[in-house]
Amino acid sequence: MQRLFLLILTMFFGGLSFSQETVPVSGWVRNAETGEPLPYAQISVAGTTLGTVTNEEGFFRLMLPDVEAKRRSRDFGTGLPDTGSPDSLVVMYLGFRTQRVAADQFKSGLIEISMEPVALDLREVEIIAFTPQEVLRRAFDSIPVNYGADSLILTAFIRTQKMVNNRMAEFTEAIVEDLKTGYSICSPRASGIGHPASGTRLQTSNIPYLFKGRVTSDTNLVNLLGEVGANARCLVCNFVRDIAEFPYETILDPGDQKHYLMTMKELSSPEGGKIYRIRFDQDDKTNQLLNQGEILIDARDFAILQITYKPSYKAFDAYEKSKYNRTWFLNNQPGWIQEMPLGETTVTYSKRGGYWTLSTIRQQYRVTYSQPDSRQKIVYGYKNEVVVTDVTRDPEQIRAFRGDKSVGVNQRWDQVVGEPDEAFWENYNYLPVEEELRKELNW
């Protein structure tokens, strides 16, 4: 029995040995002309679906599969996935020429990657062939082809920061696997998330699995947030800003475009070809809270490259009239009023494994809550970053996936993540903590 037990342990840990068969690579991505760091530059591993982004200081850390370890796994059956040789890093940043870093530079420890800027606006011309609505319609119709109608699993690093009156209330990092059932536009009668005015729906489902997490929190400040931010939110909520999956009630929604004013420019892409840049804001007659921002669409296949948006200031008067319709419970008191949120959301996409894939979601907002009776104010700051580090469409992994939509719903982060596992974080891709944030956390 003891020998059998040892054999089972050997088989189990042998199957997990691939997690250690990695090569750490880290460094900085900078503007070649100014030397300034490039935050949120997209970094992918050639021949794989692995990737990450730089932090706000332009620094990145990436665990690469070891080529020799992969060879041993094929020879001796250790189970290391064959994701393609990490022969180079591909670094992309909008407005800069794509860089490839050869594998022989990985052994030098910290590497410096200089990106050559390309002036996107030098060949800027007014669009004549298409209207903004036509470009958006083509982008909407191309969603299944560009992003894939079959199921896939995204592995994402998630970092959430909550501030109360400029003090850190909670800092969370988590690795979440998310199963999407594909990007398929279907009829209004089909089940899914949809907008009834548009005439179509996008059949969708996100099922999350919390792989690992760690949290630092100030219990008193978190409790002060009450129903506004005391819980972890559902883990699946981190993925609902994926506009390619949830285009309804956004600028992509054919049924909502009549509420927007739009302008469009044609930009020259650093890699050749064209990019459509559409800037939008709600029209003056729309009496509801909509967004303003810009969306970048590749002209070759009408894929979304990036969208940035924030609440439209044209909606301020409408918001002022409606803000008393819903009150909040904070600091153990009812009747708090939420002022208009200030901040923005940016979503980016990159091409991995033949499909365009969600790459990052960044949200940063600041909201003021006031209590008319006591004249108190609470300023709530919220910053959320989602970085997709790997993608798989392997049918066996998808069939074996076990997730739970209820994780994070009405739960605090410390209840969700459990005990921290610091050794795990040393061998996993994650967004490095920038120096200013490190000081805030006293690390």
query = Within segment 354-369, is there a residue that is farther than 21 Å from THR160 by Cα and without any contact (Cβ under 8 Å) to a residue 60 or more places away in the chain?
reply = yes
message = With the requirement that a residue be in contact (Cβ under 8 Å) with a residue 60 or more places away in the chain and crowded, with 18+ Cβ neighbours inside 10 Å, what does segment 254-264 give you?
response = PRO254, ASP256, GLN257, MET262, MET264
note = Wholly inside segment 315-404, strands (runs of 3 or more DSSP E) that include 2 or more residues that are among the β-branched types (Val, Ile, Thr) and more than 22 Å from PHE211 (Cβ to Cβ) are 342-352, 355-371, 376-392
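Okay, residues lined up against (1) more than 27 Å from ARG137 (Cα to Cα); (2) part of a strand (DSSP E or B); (3) modelled with pLDDT of 85 or more; (4) out of contact with any helix residue (DSSP H, G or I) (no Cβ under 6 Å at 6 or more places or on another chain):
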site: ALA169; (1), (2), (3), (4): yes, yes, yes, no
site: SER191; (1), (2), (3), (4): no, no, no, yes
site: VAL222; (1), (2), (3), (4): yes, no, yes, yes
site: VAL228; (1), (2), (3), (4): yes, no, yes, yes
message = Restricting to segment 384-411, name every residue that is out of contact with any strand residue (DSSP E or B) (no Cβ under 6 Å at 6 or more places or on another chain) and buried (at least 18 other Cβ atoms within 10 Å of the Cβ).
response = GLY408
task = Taking LEU154 as meeting all but one of (1) modelled with pLDDT of 90 or more; (2) among the aliphatic types (A, V, I, L, M); (3) not in a strand (DSSP E or B), write down the number of the exception.
result = (3)
Condition met for ARG241 (in contact with a strand residue (DSSP E or B) (Cβ under 9 Å, 6 or more places away or on another chain), part of a loop (DSSP other than H, G, I, E, B), over 30 Å from GLN376 (Cα atoms) and of a type in the set (Lys, Arg)) = yes
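The values are calculated or read from the model by the stated rules, or taken from the named source; none is laboratory data. Keep in mind it's a predicted model, so treat the numbers as computed, not measured. Backbone-built Cβ (ideal geometry, glycine too); neighbour counts: all protein chains shown.
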